[in-house]
1. Using only the alpha-carbon atoms, how far is helix 2-14 inclined from the longest principal axis of the chain? Give it as 0 to 90 degrees, nearest 10.
2. Working from Cα positions, state the angle (0 to 90°, nearest 10) between the long axis of helix 113-131 and the longest principal axis of the chain.
3. Specify the angular offset, from 0 to 90 degrees and rounded to the nearest 10, of the alpha carbon long axis of helix 45-62 from the longest principal axis of the alpha carbons in the chain.
4. Quick one: among GLY57, GLY107, GLY139, which has the greatest mean-square fluctuation in a GNM of the chain with alpha-carbon springs under 10 angstrom?
5. Over the C-alpha atoms of the chain, what are the Rg and the largest Cα-to-Cα span, Dmax, in Å?
6. Could you please state how large a percent of the accessible area of the stretch 10-161 is carbon and sulfur, counting protein chains only and using a 1.4 Å probe?
7. Not counting ligands, DNA or RNA, and with a 1.4 Å probe, what is SER128's accessible surface area in Å² rounded to the nearest 10?
8. Using helices alone, I'd like the mean residue ellipticity at 222 nm for the chain: each DSSP H run of four-plus residues gives -39500 (n - 2.57), total over residue count, nearest 500.
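The values are calculated or read from the model by the stated rules, or taken from the named source; none is laboratory data. Treat the numbers as computed from the prediction; the structure is a model and nothing was measured. Virtual Cβ from ideal backbone geometry, glycine too; neighbours counted across all protein chains shown. Remember, those area values only see protein heavy atoms, side chains included, never the ligands or the DNA or RNA. Shrake-Rupley method; radii C 1.70, N 1.55, O 1.52, S 1.80 Å.
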Amino acid sequence: MEGLTALVRKLVDLGDFKPFKYGEEEVVDILQFVDDTIILGEPSSDNLWSLNVLLRGFEFVSGLRINFTKSNVFGVNVGEWFLNSATYFLGCQRGLVPFSFLGIVVGANPRRRKFWLKVINNIKSRISSWKGRIIYIGGRVTLINAVLNAIPLLLLSFFKA
(Lines give C-alpha, C1' and ligand atoms only; values in the text may rest on other atoms or scores of the structure.)
Protein backbone atom coordinates (compact mmCIF):
# COMPACT_ATOMS: atom_id res chain seq x y z
CA MET A 1 0.00 0.00 0.00
CA GLU A 2 3.02 2.27 0.26
CA GLY A 3 3.02 2.32 -3.54
CA LEU A 4 -0.44 3.89 -3.63
CA THR A 5 0.65 6.52 -1.11
CA ALA A 6 3.73 7.28 -3.22
CA LEU A 7 1.59 7.62 -6.37
CA VAL A 8 -0.84 10.00 -4.66
CA ARG A 9 2.00 12.13 -3.29
CA LYS A 10 3.63 12.23 -6.73
CA LEU A 11 0.37 13.44 -8.31
CA VAL A 12 0.08 16.12 -5.63
CA ASP A 13 3.70 17.21 -6.15
CA LEU A 14 3.16 17.44 -9.91
CA GLY A 15 0.02 19.51 -9.35
CA ASP A 16 -2.25 16.99 -11.08
CA PHE A 17 -4.26 16.26 -7.92
CA LYS A 18 -5.42 18.98 -5.53
CA PRO A 19 -5.63 17.62 -1.95
CA PHE A 20 -8.19 18.60 0.68
CA LYS A 21 -7.19 21.80 2.47
CA TYR A 22 -7.95 22.53 6.10
CA GLY A 23 -6.71 25.35 8.28
CA GLU A 24 -4.41 27.92 6.74
CA GLU A 25 -1.91 25.83 4.81
CA GLU A 26 -2.44 22.25 5.95
CA VAL A 27 -3.52 19.61 3.44
CA VAL A 28 -4.37 15.92 3.57
CA ASP A 29 -4.47 13.68 0.52
CA ILE A 30 -4.55 10.06 1.67
CA LEU A 31 -5.36 8.15 4.87
CA GLN A 32 -4.56 4.44 5.06
CA PHE A 33 -4.69 1.59 7.52
CA VAL A 34 -4.00 -1.93 6.22
CA ASP A 35 -6.45 -2.25 3.29
CA ASP A 36 -8.73 0.67 4.18
CA THR A 37 -7.97 3.83 2.23
CA ILE A 38 -9.47 7.29 2.05
CA ILE A 39 -8.28 9.64 -0.69
CA LEU A 40 -9.27 13.26 -0.05
CA GLY A 41 -9.28 16.00 -2.63
CA GLU A 42 -11.02 19.08 -3.94
CA PRO A 43 -14.21 18.47 -5.92
CA SER A 44 -13.16 19.05 -9.52
CA SER A 45 -13.30 17.18 -12.80
CA ASP A 46 -9.49 17.35 -13.05
CA ASN A 47 -9.22 15.56 -9.71
CA LEU A 48 -11.67 12.89 -10.87
CA TRP A 49 -9.62 12.23 -14.00
CA SER A 50 -6.39 12.12 -12.00
CA LEU A 51 -7.95 9.79 -9.43
CA ASN A 52 -9.26 7.47 -12.13
CA VAL A 53 -5.86 7.31 -13.85
CA LEU A 54 -4.16 6.81 -10.48
CA LEU A 55 -6.38 3.91 -9.43
CA ARG A 56 -6.26 2.17 -12.81
CA GLY A 57 -2.48 2.63 -12.95
CA PHE A 58 -2.12 1.24 -9.44
CA GLU A 59 -4.11 -1.85 -10.46
CA PHE A 60 -1.93 -2.33 -13.54
CA VAL A 61 1.40 -1.87 -11.76
CA SER A 62 0.64 -3.78 -8.54
CA GLY A 63 -1.54 -6.57 -9.92
CA LEU A 64 -4.08 -5.85 -7.17
CA ARG A 65 -7.72 -5.24 -7.99
CA ILE A 66 -9.70 -2.36 -6.50
CA ASN A 67 -13.25 -3.41 -5.69
CA PHE A 68 -15.17 -0.41 -6.98
CA THR A 69 -18.51 -1.93 -5.92
CA LYS A 70 -17.35 -1.64 -2.29
CA SER A 71 -15.84 1.82 -2.84
CA ASN A 72 -17.72 5.02 -2.01
CA VAL A 73 -17.61 8.68 -2.98
CA PHE A 74 -18.45 11.16 -0.21
CA GLY A 75 -18.98 14.85 -0.56
CA VAL A 76 -19.26 17.64 1.98
CA ASN A 77 -20.65 20.94 0.64
CA VAL A 78 -20.53 19.49 -2.87
CA GLY A 79 -23.30 19.75 -5.44
CA GLU A 80 -25.60 16.81 -6.10
CA TRP A 81 -24.69 16.80 -9.80
CA PHE A 82 -20.99 16.48 -9.03
CA LEU A 83 -21.48 13.50 -6.70
CA ASN A 84 -23.69 11.74 -9.23
CA SER A 85 -21.18 12.29 -12.04
CA ALA A 86 -18.28 11.19 -9.80
CA THR A 87 -19.99 7.92 -8.86
CA TYR A 88 -20.80 7.22 -12.50
CA PHE A 89 -17.32 8.16 -13.73
CA LEU A 90 -15.45 6.12 -11.10
CA GLY A 91 -17.92 3.23 -11.11
CA CYS A 92 -18.55 3.21 -7.39
CA GLN A 93 -21.35 3.96 -4.94
CA ARG A 94 -22.34 7.19 -3.28
CA GLY A 95 -21.69 7.11 0.46
CA LEU A 96 -23.67 8.90 3.11
CA VAL A 97 -22.31 10.95 5.98
CA PRO A 98 -21.91 9.91 8.80
CA PHE A 99 -19.93 6.77 7.98
CA SER A 100 -17.69 4.43 9.94
CA PHE A 101 -13.95 4.21 9.24
CA LEU A 102 -11.87 1.86 11.39
CA GLY A 103 -14.64 1.73 13.98
CA ILE A 104 -14.86 5.50 14.34
CA VAL A 105 -17.93 7.35 13.15
CA VAL A 106 -16.89 10.18 10.85
CA GLY A 107 -19.21 13.12 10.34
CA ALA A 108 -21.45 12.60 13.36
CA ASN A 109 -21.72 15.04 16.24
CA PRO A 110 -19.92 13.61 19.31
CA ARG A 111 -21.86 15.99 21.56
CA ARG A 112 -25.08 14.11 20.90
CA ARG A 113 -26.27 11.21 23.02
CA LYS A 114 -27.07 9.17 19.89
CA PHE A 115 -23.37 9.18 18.94
CA TRP A 116 -22.34 7.43 22.17
CA LEU A 117 -25.19 4.87 22.19
CA LYS A 118 -23.21 2.60 19.84
CA VAL A 119 -20.27 2.65 22.26
CA ILE A 120 -22.52 1.91 25.23
CA ASN A 121 -24.27 -0.93 23.36
CA ASN A 122 -20.88 -2.35 22.34
CA ILE A 123 -19.74 -2.41 25.97
CA LYS A 124 -23.05 -3.94 27.12
CA SER A 125 -22.84 -6.70 24.52
CA ARG A 126 -19.31 -7.59 25.60
CA ILE A 127 -20.29 -7.71 29.25
CA SER A 128 -23.30 -9.91 28.53
CA SER A 129 -21.15 -12.38 26.59
CA TRP A 130 -18.79 -12.68 29.58
CA LYS A 131 -21.55 -13.43 32.11
CA GLY A 132 -21.88 -17.07 31.18
CA ARG A 133 -18.18 -17.76 31.38
CA ILE A 134 -16.56 -18.99 34.51
CA ILE A 135 -14.08 -16.26 35.31
CA TYR A 136 -12.89 -15.46 38.79
CA ILE A 137 -13.55 -11.95 40.06
CA GLY A 138 -9.90 -10.94 39.68
CA GLY A 139 -9.88 -12.07 36.05
CA ARG A 140 -13.17 -10.31 35.40
CA VAL A 141 -11.85 -7.04 36.82
CA THR A 142 -8.68 -7.33 34.73
CA LEU A 143 -10.73 -8.07 31.63
CA ILE A 144 -12.98 -5.09 32.25
CA ASN A 145 -10.06 -2.75 32.87
CA ALA A 146 -8.15 -3.91 29.82
CA VAL A 147 -10.89 -4.21 27.22
CA LEU A 148 -13.81 -2.06 28.27
CA ASN A 149 -11.69 0.95 29.14
CA ALA A 150 -10.03 0.84 25.73
CA ILE A 151 -13.28 1.11 23.73
CA PRO A 152 -14.30 4.64 24.80
CA LEU A 153 -10.68 5.80 25.07
CA LEU A 154 -10.11 5.06 21.39
CA LEU A 155 -13.04 7.29 20.43
CA LEU A 156 -12.16 9.99 22.94
CA SER A 157 -8.66 10.25 21.51
CA PHE A 158 -10.10 11.59 18.24
CA PHE A 159 -12.22 14.41 19.66
CA LYS A 160 -11.52 17.62 21.49
CA ALA A 161 -12.30 17.42 25.17
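1. Its long axis makes an angle of about 40 degrees.
2. Tilt relative to the chain: about 50 degrees.
3. Tilt of helix 45-62: around 70 degrees.
4. Checking each option, the largest mean-square fluctuation is seen for GLY139.
5. 20.2, 61
6. Working: 6750 of 11320 Å².
Heavy-atom surface of the stretch 10-161 belonging to carbon and sulfur, 1.4 Å probe: 60 percent.
7. 70 Å²
8. Numbers: 6 runs with 75 residues, N = 161.
Taking each H run of at least 4 residues, the total per residue is -14500 deg cm²/dmol.
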